[in-house]
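**Q** Sending over a structure as structure tokens; questions will come in a sec.
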């Protein structure tokens, strides 16, 4: 019956697909609970030919003599590896989000944005992470927010808060000077544009509200609102915004990443690095140290002396 609903994919694009295909002789199974950060998305059936970007079923006639068989048995159904766009800063959280997306079976297209941040060390970290975690593609896009979005991360005249207690960081109403106005809105908009161009329907970002700095664009309400926006702001719609870490502590994020084989030595979190070394005093360093300590995992971060 399914074969009668789907037409053979004969497009030139499908003919050029990479070897991320496999014949299916039984239904796909997803053993993980849907609430797990590692839970895979359910496949969707579509009458359109499958393409690289999204998980659809297409029926293809296998003409090779190897598969010679009666006409009805010549049809096989293949699942293309679904594509996802992952926002990647090179930090601990976005690196873990990339590892989660990969574990869920996505072909991950990593997007790093040079938004005017004062330090390029995180861009280098993003490149290391994308290569180490096997991103299908890694793009760096420049969008200069510095002149219009004042922040300690984009403006040298604004000091990065240092030596704050863990009780102060992320306290109700606390939005520190390291907040970049509307940054995640801009970054997700860029990721959405790339996803729609790819034909992908899944976007990942590593925001979280526990053990975090209290940024308003890291809250569940923001993620939900952007997902709703994506449905009306695009031609295709049907987008899903994944924030798999949003309700995890830093220790839980680290434990999850370790389970997925992440080497956190290649990541960078510090807001005010010195010669490539983390300052050890900003909010990001404090939360990172806390996470490794509570996870019982040695902190691989190189901190500046003194």
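Derivation of every value follows stated rules applied to the coordinates shown; laboratory data play no part. Values in this document were obtained by computation on a predicted structure and should not be read as measured data. Glycine also receives a Cβ, built like all others from the backbone with ideal geometry; neighbour counts cover every protein chain displayed.
**Q** Give the percent of DSSP beta bridges with both residues in region 83-295 that are antiparallel, rounded to the nearest 5.
**A** Numbers: 2 of 19 bridges.
Bridges in region 83-295 that DSSP calls antiparallel: roughly 10 percent.
**Q** On to the next question. Determine, for 154, 95, 185, the number of other Cβ atoms within 10 Å of each Cβ, and report the residues in order from fewest to most. List each step's numbers first, then the result.
**A** On the way: 154 21, 95 32, 185 13.
Ranking 154, 95, 185 by Cβ neighbours within 10 Å, fewest first, gives 185, 154, 95.
**Q** Which peptide among 199-206, 264-271, 245-252 comes first, and what is the full order, when sorted by highest mean count of other Cβ atoms within 10 Å?
**A** Numbers: 199-206: 24.5, 264-271: 22.8, 245-252: 20.0.
Output ranking for 199-206, 264-271, 245-252: 199-206, 264-271, 245-252.
**Q** In nm, to one decimal, how far is the modelled label at residue 228 from the one at residue 197, with both set 7 Å along Cα→Cβ?
**A** 2.9
**Q** What residues of region 156-200 lie in the reach of a label at residue 221, counting those whose backbone N is under 19 Å from a point 7 Å from the Cα along Cα→Cβ?
**A** 170-176, 179-186
**Q** Please report 210, 88 as a ranked list, fewest other C-beta atoms within 10 angstrom at the top and most at the bottom. Can you show the working numbers first?
**A** Numbers: 210 15, 88 32.
Sorted ascending by nearby Cβ count, the order is 210, 88.
**Q** Now a separate question. Please report 241, 254, 158 as a ranked list, fewest other C-beta atoms within 10 angstrom at the top and most at the bottom. Walk me through the intermediate numbers first.
**A** Details: 241 21, 254 25, 158 14.
So the ranking, lowest neighbour count to highest, is 158, 241, 254.
**Q** Need one number: nm distance between label points at residue 259 and residue 274, each 7 Å from Cα along Cα→Cβ, rounded to one decimal.
**A** It is 3.8 nm.
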